[in-house]
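Written below as structure tokens is the structure these notes are about.
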Amino acid sequence: MNWIEKDRELIWHPFTPQKESPEPIFIESGKGSWLFDEKGNKYLDAISSWWVNLHGHSHPYIAEKLYQQALVLEHIIFAGFTHQPAIALADRLIPLLPGDFSRIFYSDNGSTSTEVALKMALQYWWNKGTTESEDSPTPRRTILAFNNSYHGDTFGAMSVSDRSVFTRPFHDLLFDVCFIDTPTSGNGGELDNLLEKEGQKIAAFIYEPLVQGAGGIKLMDPRLLNGVLEKVKARGIICIADEVMTGFGRTGRLFASDYLKQKPDIICLSKGLTGGVMPLGITACTKKIYEAYLSDDRKKTFFHGHSFTANPLACTAAIASLELLLEPAAREGIERICKLNVVFEEKLKEKYESRNVIKNTRVSGTILAFEINTGEDVYLNEISRIVTEKALEKGVYLRPLGNTVYFMPPYCITENEYGFLTKVTEAILDELFP
């Protein structure tokens, strides 16, 4: 069978123009840092297949654990039933989370984990009936978020994301949100004024700690973000950390919130949670949030769930991935990428940024990014397609966000493989700007 022909006939791919889009590459297998197509070509997976793969493709330890679990229990409804993988994952993960977390709510992916967090925070105030401030009886209903943010593609997640090409057809259907700029040394007054006027109406603040992912790998100063959180928490506002991308070592530490003194009340996790093997989302909350749902009034129940909530196979993959992540090999891999990124960052600045070929070269742990200095800094910048095609021709899978090129490799990448990635990147820049 011609699988590509069947794909063209039957499949609708995500984030892909449906007219005159490049023919998809048929991937037959993956191993370690590499993907292999039906023609025998191989591609270095420099972006961890949309930031999900931590330990390399087809990891035998995770595969074996999945196999063993599939022979015992593949799925069961999670309302009224429970099972060992879900309990064991929560038991192992909660002590590692960046804050005083108490409970874990399972869902399916990053977008649903943020939906759960938003509903959890809003219903917290609804369950309480009033704000905690005695001088204001109005329930809090407003969400605060950063400009340039991205929290997913479901409607609540889109509402708290920056209005962009991702959300344009739905703008009139999204609920209103208070957006502020990410913190700089000179814009603290914006937040102060907003909190003074609207602080008693704001239910929650959702943010991507340190790195705004799909918005273009924009970095934040931990000290300044911590200042924002201090001010927001002082108003009793629930803080939601969207660590769907930054969680599980991407910024160098286990979680980006580990760099901050102020910890979230709710945290959203997915992507690397299962090592990129199975879809799973987690929304964890503190005891304070959970206790607002302890009531004899059944109307205060959190009426939210998914058919595949806490799927045993997904939870098993997450446990196996977490076990691998806590092994010395993963820590060494993270440290290796962090060091290699810093070295290549300096080379990029010296060789290309100095000539205005690229700009804003930056590193956050295992993440490296820069903008190609051509056209507008937007997602639809045509340079993305050009770079992706050139990289694939040379055996690397890169998928720039517009003109933002970034590395986010699996932690198993070797120094030689990383060197191959940098050589291909330099070759592309040399071809584009001889």
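The values are calculated or read from the model by the stated rules, or taken from the named source; none is laboratory data. Computed from a prediction, not measured in an experiment: that's the story for all the values here. All Cβ positions, glycine included, derive from the backbone under ideal geometry; neighbour counts span all protein chains shown.
Of the residues G247, G156, G152, which single one is surrounded by 16 or more Cβ atoms within 10 Å (Cβ to Cβ) and touching a strand residue (DSSP E or B) at 6+ places or on another chain (Cβ under 8 Å)?
Values: G156 fails: touching a strand residue (DSSP E or B) at 6+ places or on another chain (Cβ under 8 Å); G152 fails: touching a strand residue (DSSP E or B) at 6+ places or on another chain (Cβ under 8 Å).
Answer to the selection: G247.
Find the residue count for region 233-264, including only residues that are more than 20 Å from V116 (Cβ to Cβ), touching a residue at least 12 places away in the same chain (Cβ under 8 Å) and not in a loop (DSSP other than H, G, I, E, B).
Filtering region 233-264 for residues more than 20 Å from V116 (Cβ to Cβ) gives 233-236, 249-254, 258-262.
Filter once more, so that each one left must be touching a residue at least 12 places away in the same chain (Cβ under 8 Å): 233, 235-236, 249-254, 258-262.
Still in the list and also not in a loop (DSSP other than H, G, I, E, B): 233, 258-259.
The number of residues fulfilling the criteria is 3.
Just the residues that are assigned to a loop (DSSP other than H, G, I, E, B) and either among the hydroxyl-bearing types (S, T, Y) or within 26 Å of P410 (Cβ to Cβ) (or both), please, taken from region 73-93.
Initially, region 73-93 is screened for residues assigned to a loop (DSSP other than H, G, I, E, B), giving 73-83.
The one that is assigned to a loop (DSSP other than H, G, I, E, B) and either among the hydroxyl-bearing types (S, T, Y) or within 26 Å of P410 (Cβ to Cβ) (or both): T82.
Could you check, for region 419-426, whether at least one of its residues is surrounded by fewer than 15 Cβ atoms within 10 Å (Cβ to Cβ) and in a loop (DSSP other than H, G, I, E, B)?
no
Answer yes if at least one residue in region 193-206 is more than 15 Å from the chain's Cα centre (by Cα), outside the structural domain of N381 (by TED's automatic domain parsing), surrounded by 24 or more Cβ atoms within 10 Å (Cβ to Cβ) and not in a loop (DSSP other than H, G, I, E, B), and no otherwise.
So in region 193-206, the residues more than 15 Å from the chain's Cα centre (by Cα) come out as 193-205.
Checking which are outside the structural domain of N381 (by TED's automatic domain parsing) leaves us with 193-205.
If we keep only those that are surrounded by 24 or more Cβ atoms within 10 Å (Cβ to Cβ) too, we end up with 204-205.
From what is left, the residues that are not in a loop (DSSP other than H, G, I, E, B) are 204-205.
Scanning region 193-206, I find at least one residue that is more than 15 Å from the chain's Cα centre (by Cα), outside the structural domain of N381 (by TED's automatic domain parsing), surrounded by 24 or more Cβ atoms within 10 Å (Cβ to Cβ) and not in a loop (DSSP other than H, G, I, E, B), so the answer is yes.
Suppose the filter is among the aromatic types (F, W, Y) and under 21 Å from E393 (Cα atoms); does Y43 pass it? It would help to see each step written out before you state the result.
Details: among the aromatic types (F, W, Y): yes; under 21 Å from E393 (Cα atoms): yes.
When the stated conditions are applied, Y43 passes them.
Quick check on this structure: which one of A63, A86 is at pLDDT 95 or above and touching a helix residue (DSSP H, G or I) at 6+ places or on another chain (Cβ under 7 Å)? Give the steps one after another, and end with the answer.
On the way: A63 fails: touching a helix residue (DSSP H, G or I) at 6+ places or on another chain (Cβ under 7 Å).
One residue alone meets the criteria, A86.
Please specify each residue of region 398-411 satisfying the condition of being more than 10 Å from S48 (Cβ to Cβ) and either in the same structural domain as I217 (by TED's automatic domain parsing) or in contact (Cβ under 8 Å) with a residue 60 or more places away in the chain (or both). Spell out the reasoning first.
Pass one, region 398-411, residues more than 10 Å from S48 (Cβ to Cβ): 398-406.
If the condition is that a residue be more than 10 Å from S48 (Cβ to Cβ) and either in the same structural domain as I217 (by TED's automatic domain parsing) or in contact (Cβ under 8 Å) with a residue 60 or more places away in the chain (or both), then L398, R399, L401, G402, T404, Y406 are the ones that fit.
Return a yes/no flag: does region 61-72 have any residue that is part of a loop (DSSP other than H, G, I, E, B) and within 27 Å of the chain's Cα centre (by Cα).
No, that holds for no residue.
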